[in-house]
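The values are calculated or read from the model by the stated rules, or taken from the named source; none is laboratory data. Bear in mind the structure is a predicted one, so any value in this text is a computation, not a measurement. With ideal geometry, Cβ positions are generated from the backbone for all residues, glycine too; neighbour counts draw on all protein chains shown.
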Amino acid sequence: MPYYSSEEKDALRQHFDTRLVLSLRRRKSRPLCYFGLPGAEARDLLAWQDAIGHIAAVEMNSEELEKLELLLGTQLPHIRYSTHWGEVDKVILTDRGTARIIGGQHYRPRVANIYADEIQSWAWDFDVVNLDYFGPFLPYDPGTAARGSRRARTRTLALRRLFDPDRQDARRRWLLLVTVEAQIRQPQAWNDHRTFLSLTRDDSSGQAADALDFLLTPGADDFETAARLVAGTSAVLISIAATDAHLRVQPRGVVVYRGAGGQPMVHLAYEFTPAQGALPIPVSRLTLLRCPLLNMRDPLRFPWFQLTPQQVPGLSHDDARAYLDFLGQRTLGQILADASASLPN
C-alpha cells in the first residue's frame, strides 16, 4: 500500500526523530547505517541524509519499490544502499528479501557492512532500525502464547530477532524506532493486550505493578487507551529482549499523533548501549514503563509536542528531562513548563 504522510507525521519526523538520529550521529562520529521501511517517498531518509552513510530499505509493493530505488539513485546518490523486496518481518527472520531482477541480472538483496572490503550477506551492522509499520502492534510472545494469527507471531519473532546475539554483538550503540496503529478495532485484540499486561502485572511488584495498573486504565478516549496498551506491551517485550542481549535501554518517549487520513498512531523510540560486565543485568521494567507519554500539541507551532495530562505514576520533572534531553533545552524547557502542574519536582 502506498505511503502517505500528514502534518503531524512530518512534525514528528523533523522535530523528534531527526534530533534522535543526529544525536546518535554526533556520538558515533561517523555516518550511520540505516535499516527500515522508508516508503517510496523516503521522507525520513531525505530528512536524515546528512547523518546516513548506508541504507538497507524494505518494501513489499513492487511498484513502490521501483519508485524508491529511483529516488535513492537520483536524490541520494552519495549514500550506498541496498533494497529488499518482501514483508519486513520475513526479511528480518530469513535474512534476505525475495529475489529480484535488476538491470537484467539476477539479484538477491544483501545487507552490506560498510566497514568491510566486500559486501557480506546480512551483516546486521545497523545503527538505526526504523519500523514504520502499516497495521497494529501485536502483543504475542511466541514463547508463552499459543494463540494468535501467523502475522502476529511473525511480527513478534522479528522484533525479538533484532536482539539475537548474532545481530547485536554488544559492541555498538543503536536506535530502534517503531510506529504502529493506536487503534484497536476488534474486541478480542483489546482483551489480548489486557491479558498480556495483566499477566505481566502478576509477575511484578511495587512501582512496576502501579505503572501497569495505570497503563491498563482507560484513557480519555479509545485513542489514548490504545496508546497506553501499546506502550506497556512494547515496554515488556523490549525489557525482556534487551536483558537477553546484554543491553542497556534508554526509552526516548511515546508519542501519539494523527497519521494520513486522521489515522491514530503511536510512535516509540528506544536507544540501546552495550552493558558492562560479563553477566547480563536485568533491564529495569519500571524504567521502560515510566516512559513519558506525549501527544502533538500543534504540528505547525513550537514546541509541537506536549505531555499528556496524566503520566505513569512516579514520573518526575527530572525523570522526564532525562528521557527527553535529546529534544534540546529550549523545546524541552517549554514542554516541561507547560506540564509543571502535572509533574512533581
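A few notes on this one:
- Inspection of segment 182-189 finds no residue satisfying the criterion of being in a loop (DSSP other than H, G, I, E, B), touching a helix residue (DSSP H, G or I) at 6+ places or on another chain (Cβ under 8 Å) and at pLDDT 85 or above.
- Hits in segment 14-51 - residues which are among the β-branched types (V, I, T) and in contact (Cβ under 8 Å) with a residue 40 or more places away in the chain: V21
- Any hit, segment 20-35, residues being closer than 19 Å to V180 by Cβ, out of contact with any Gly (no Cβ under 6 Å at 6 or more places or on another chain) and charged (D, E, K, R): no
- Each residue in segment 214-230 was checked for being farther than 12 Å from Q311 by Cα and assigned to a helix (DSSP H, G or I), and 8 of them qualify.
- Residues of segment 21-52 that turn out to be more than 15 Å from L71 (Cα to Cα), out of contact with any Leu (no Cβ under 6 Å at 6 or more places or on another chain) and not in a loop (DSSP other than H, G, I, E, B), as a count: 11
- Scanning segment 311-332 for residues that are surrounded by 15 or more Cβ atoms within 10 Å (Cβ to Cβ) and assigned to a loop (DSSP other than H, G, I, E, B) yields Q311, V312, G314, L315, L324.
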